[in-house]
Structures are given as C-alpha cells and as structure tokens.
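Each remark here refers to the structure printed beneath this line.
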There are 2 protein chains.
Amino acid sequence: MKERSERVAAVDLGGTSAKIGIVDRSGTILARDRVSIDARAGFEDIVGPVAMALAELLAGSGGGPPAGIGIGAPGFIDPDTGTIVGGSENIPAMQGRSPAAYLAGKLTAPAWADNDATCAAAAELAYGAGRGLRGFLLVTVGTGIGGGLVLGGKVWRGMRGFAGEIGHVSLDPCGPPCPCGSRGCLEQYASGPAIVRAWKACAGTRAAEAESPLEVARLARAGDPAALEAFAGAGRALGQALGGTVNLLDIEACLIGGGVADAGEVLLEPVRRSLRRYAYPLVAEGVRVIAAELGNDAGLLGAAALAWERLGA
Amino acid sequence: MKERSERVAAVDLGGTSAKIGIVDRSGTILARDRVSIDARAGFEDIVGPVAMALAELLAGSGGGPPAGIGIGAPGFIDPDTGTIVGGSENIPAMQGRSPAAYLAGKLTAPAWADNDATCAAAAELAYGAGRGLRGFLLVTVGTGIGGGLVLGGKVWRGMRGFAGEIGHVSLDPCGPPCPCGSRGCLEQYASGPAIVRAWKACAGTRAAEAESPLEVARLARAGDPAALEAFAGAGRALGQALGGTVNLLDIEACLIGGGVADAGEVLLEPVRRSLRRYAYPLVAEGVRVIAAELGNDAGLLGAAALAWERLGA
C-alpha cells in the first residue's frame, strides 16, 4: 500500500493536447507524457485515450494505482462532481460531462477536477512563486485570460467553483464587445491576441515583423516603440484590473503566469506602474507583482496539487 | 462575573457624531446614545467624551464593565492594534491613533476596531440580510462608497485589514478623476453626491427640485425621467463593479446598504440589470442583489459583532 499513497496522477486538459503525469507529494514529476486531442471528437474519444495513456504511464513507472487523480480543464467546473458545466466552447463534447468520473472508473482511484487557472494557482501556492503567501491572485495570460485566487493561504474556489475569472472583469463600459456578452473585458486588452492586434495597429507597414506576443516582446526589449506601446496597453489594462482586485481583497501579491508571461519585465513593469495608479496608495504599497514560476508545468502540477489537497495531504 | 460576559459596548464613529450602545449576544441594543463630534478637534477631545458617555451608559444600564468594546470607524484600520493608519481625512486627529487602545484603557475592557463598512458586513452576517450566507459583498452607498466582504461564512479583512474598498475600483480608465488618485472610481458614479450631480445635469431648470439622493429617489418613483436617468447611471456603475466582483469571487449575494439604499428598488433594479450585463452569465445566474436590513444600526451592530467575534462568542 505504500506505493499507492506516494503518488498521484495528473491531467492538464487543453484544446489540442492533454499533458499527463505521475507526481509525488513534493511536486516532482516522476513520469510524463502528452496525448493529442481532437477538440471536435466525442467525449469518450477524447478521455478514453487519456485514460489509456495514464494507465500505461502508471504501469511503466511501477507500483499500483495512484492515491488519486487530479484534472485541470478550461471552463467552469463543479468541484463536487467534476462536471464541466460551462465555458468549454473549445471542446464542445466536454459540456455537461465529468472527465473525473470517467477516469476514476477506468483507473479505480478517486478523481477530482478544477478550472485550469485555479489549478495553476494551487500549483504556485504549493510548489512555486506563491509558497508562503497567504493571499494572491494568479493571472494566466495566454490566448485568453484566466485567474486563480488564494485567500487565507488556501485556494478560494467560490460558492460553485467559478471564482477567479478576472479575464472578464469589465474595465470600460464602452470598450470592445467580448464573446462573454459584456464589454471592455480585460481579455480584450491584454490577452496574447490582443497584444498582437495592438502591435499591428501601431506598426503600420512593419506589422508582419511579429505574429505572436513573444515576438512582439522581443521587439519591445530591443526598444521598438510600437512593440513597447502594445505591452504598455496590455500592462495598463492588467494594472487597472489588478488595482481593483487589491482594493477589494487586500492581497499581498499578483502573480503573472501563462504563455505571455514569458515576455518578462516588458509586461510586468507596465503592470506595476498601472497598478499603483489604480489601487488605493496605502493598499498598493504592500503588493508585489511578480512572475509565476512554474511555466508550462503549472497546469499539470496544479492538477496534482488538487489531488493532494483533496486527499488531505 | 455573569453580567460582564453578557454584553459588549459598541461605538460607530462618524464624521459628525458617534453612536454608542450596549449590545447583547443576540444583537439586541440594550441602551444607546449619541455623542457629537467636532471633526477638527484633537484626538482626546473626540474620544474622551465618547468614553465618558459609554461609562455613563454602562452605569445607567446596570452591571459591571462590558465583556469587550467594538469600534467601527471610517478609513484603513490595523486590526491588530486598532490604529487608524489612513483614509481618515474627515477626522484628521484620528490619523495614526488608536481609539481602541484609548477606550480599552478608560473602560478596562479589551477593545477592537475595524473599518465601518467591514463592521456593517459583520452585522448583516450576524443579525441581518446576510444570515446563513457563505459569500457576499456588502456595498455601503452614502456620501462615499465602502464595502465589506464575507467569504466562507466569515468576514474577510485581507492581509492588513484593508479589504472591501469597492468604492475605488476603477470602471473607466478615462473616467472622472477621484481624490484617491485614480480615475473612474465607482464612487464617482454611484455615491449620493454623484446621484444628485447626475440629477442636476439632467434636470435643467428643475434642478432645485431635489437636493439629496433620497429626494431624487422620490421623483424617480413618481416616474420623473431625469431622476430615473440619475439612478440608472448609478445602477449601471454599481452593476459593472459588482459584475467584476462576482466574476472574481463567485459569491452568492450582493447586499446594498448605506443611506442611499433607502431609495429601494429605484436603485436595486438597475443594479440587477447591469450586473447581468457585466458578469459571466453562468456566474451571474446564482447571484442575488438584495437590500441590507440593518439600516442606520448596521455600524453600531457591526461594532458589537466585531467584539463578539474577537471574544470568540
């Protein structure tokens, strides 16, 4: 039985692939793999191969069934049943289904699921830049913008598991319409695609020089005014959203993660400047804006952290 | 010793007067009084008369010293020492001082202080519209806009006791400047003075017909288009701020309190409509926007609730 309690299985479900791993209590990834996903496939065609790959990974790394299974996925997830109740437009077959229940049955171990950004916050708290912090918001900046909250040293999931959606905080009632139905959402100003849009709008005939947010970041680091302007706009919007958040919650740090966070100080510096403008000075004083630490592994480690948390470890 | 444990002293410190009271565990105000305050006076000239009036009230209502003393005051307050560390511009002598330490010494009982809106949230949780709720934000709409948060069935004070400042969440980066240093803060759109300003801007030659937010509310209830417009604007802004808040926190209710909340449905209805526009539909579904219940007594009862909470009752 010792083997069983020493490791969990973790799944980070994305729109094009699922990362899977075997993770120990300390957050060490003992084994890992990746399974391709056809986002238009049916539910069992998506989660069946994930279950099989996990079983192989477990068998290959020795020992019996895992102590538990943690799953991170995009969208709104009922933390009690693991059912994906909304926001899974990118993988339609997930709507109303529980990959946790499916994997629990196939691998005969308890399984839990949570929003991927909430998982990433749990990972930063347990293994990353959030260690020792009592209150922080992790913002994941990528194709979209997600968030996960830690309050009182614990992940705050909200009443129904939906907390953390800072990407859809409205920053301007007359701002651009958002697919969520609102206007001026943070995601419209500071996501990867928004940064590239802003670059192209400023760059004129040079627009083709950068096609991704990290290419824009490279130009910004070299001092390109149009690229700097694109990140200044994203940073301003992030700072406004985070300023409101710290006024409301009096947290001690904002962690910036997700793929676009690899831009580094080119993004963080304008966020810090903007946060100081939009937060109450006394409140802003105590707040650090720092990079998340776990990068691409945040989702996988967060799914593991979720399983360990639920197991009471 | 039985007497001692059955009641607390409560102080609701305002800019022109302090309400004081003796309150039992169930939230019944056994005795009450009011002490005038000269906001420009020195610290001891303000809190000395409050201490004397409280001593008289305690003596007159029989029994020994109270089990504890709770104090609600405007501004940012260190919950450990009760020191008012900022935001007390209306009573300059309070800056850097602890009315809690002063009253504890004079009345020989432990004393604690908290922001007045946080106290009001504690009161609604213990005795009012928040009973049985696990997560809500109380917004106090008056001359300014304050807020108090309840998360996981407990008052959330933040890392340094500063949480709840929804009045200074920025709703528009190009909005009107706010004395706090930011722009487009909720307070600029939905406070009592903002509602009167909006009425006067819309009412033209009829501007003098209403000079207070509740007079504007009376006209709005009678169907006056300019008065309805003033409340629609305030409700829109409140709904945008609350929409962002529920997206971030996934709470179950927003309570509207403070003097302007006496406007009733004329204010609440546009808030509900606007919240549904700015919150993620799935998140907004579960959220009720309701009136706070304790009215003018929220501050006093909240100060008492704070004392009972700290006493471990």
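Values in this text are rule-based calculations from the coordinates and carry no lab data. From a predicted model like this one, the values you see are computed outputs, not experimental measurements. Note that each Cβ is placed from the backbone with ideal geometry, even for glycine, and that neighbours are counted across all protein chains shown.
A few comments on the model shown:
- Take each residue of peptide A:231-244, count the partner chain Cβ atoms within 10 Å of its Cβ, and average: the result is 2.
- According to the calculation over all Cα-Cα pairs in segment B:60-121, the P(r) per 10 Å bin from zero is 24, 49, 22, 5 %.
- Translational diffusion of the protein assembly as shown was estimated from the Stokes-Einstein equation, with Rh taken as the Kirkwood radius over Cα pairs; at 37 °C and 0.692 mPa s the coefficient is 128 µm²/s.
- Simple spin-label estimate for A:K154 and A:A201 gives 4.3 nm between the two label positions (7 Å along the Cα-to-Cβ direction from each Cα).
- Sparse-neighbour loop sites [trypsin sites (Lys or Arg not before Pro); segment A:11-63; at most 14 other C-beta within 10 Å; DSSP]: A:R40
- Rg and Dmax over the alpha-carbon atoms of segment B:215-257 stand at 13.1, 37 Å.
- Within 10 Å of each Cβ in A:279-288, the average number of Cβ atoms from other chains: 5
- Global geometry of segment B:139-222, whether rounded, prolate or oblate, following the gyration tensor of its Cα atoms and the 1.5 cut on a/c: oblate
- Taking chain A as the region of interest, the number of lysine pairs whose Cα atoms are within less than 29 Å, with members eight or more places apart or on different chains, is 5.
- B:G175 long-range amide H proximity, modeled H, under 5 Å: B:G184
- Gyration tensor (alpha-carbon) shape descriptor, segment B:205-301, a/c threshold 1.5: oblate
- For segment B:1-142, the Kirkwood hydrodynamic radius comes to 15.4 Å, computed from all pairs of different C-alpha atoms.
- Exercise: per-residue mean of other protein chain Cβ atoms within 10 Å, A:152-159: 5
- Shown here is the pair-distance distribution of segment A:1-75: with all Cα-Cα distances grouped in 5 Å bins from zero up to the longest one, the shares run 3, 17, 28, 24, 14, 9, 4, 1, 0 percent.
- Along chain B, the exposed loop sites are GluC sites (Glu not before Pro) outside DSSP states H, G, I, E and B with at most 14 other Cβ atoms within 10 Å, and the longest stretch free of them is B:90-210.
- Calculated [θ] (222 nm, deg cm²/dmol) that DSSP helices of n ≥ 4 give over chain A, each run adding -39,500 (n - 2.57): -12000 deg cm²/dmol
- Under the combined filter of DSSP loop state and at most 11 neighbouring Cβ atoms within 10 Å, segment A:102-136 retains these trypsin sites (Lys or Arg not before Pro): A:R131.
- The residue among A:A261, A:L58, B:F162 whose Cα reaches farthest toward the positive pole of the charge dipole of the protein assembly as shown, with charges on the beta-carbon of Lys, Arg, Asp and Glu, is A:L58.
- Put a plus charge on the Cβ of each Lys and Arg, a minus charge on the Cβ of each Asp and Glu, and nothing anywhere else: the dipole of the protein assembly as shown about its Cα centre is then about 160 debye.
- Gyration tensor verdict on segment A:95-194 (Cα atoms; rounded if a/c is under 1.5, prolate if a/b is larger than b/c, oblate otherwise): oblate
- Binned Cα-Cα distances of segment B:129-293, short to long, each 5 Å bin given as a whole percent: 2, 10, 19, 22, 20, 15, 8, 3, 1, 0, 0
- Gap separating the Cα centres of segment B:33-80 and segment A:211-257, nearest whole Å: 46
- Kirkwood Rh, Cα atoms: Rg over Rh of chain A: 0.99
- Of the beta bridges in the protein assembly as shown, as assigned by DSSP with both residues counted there, near 60 percent are antiparallel.
- Pairs of Cα atoms nearer than 8 Å and 6+ residues apart set the relative contact order; for chain A it is 19 percent.
- Put in line by how crowded their Cβ is, counting other Cβ atoms within 10 Å and starting with the fewest, B:D45, B:D12, B:D172 read B:D45, B:D172, B:D12.
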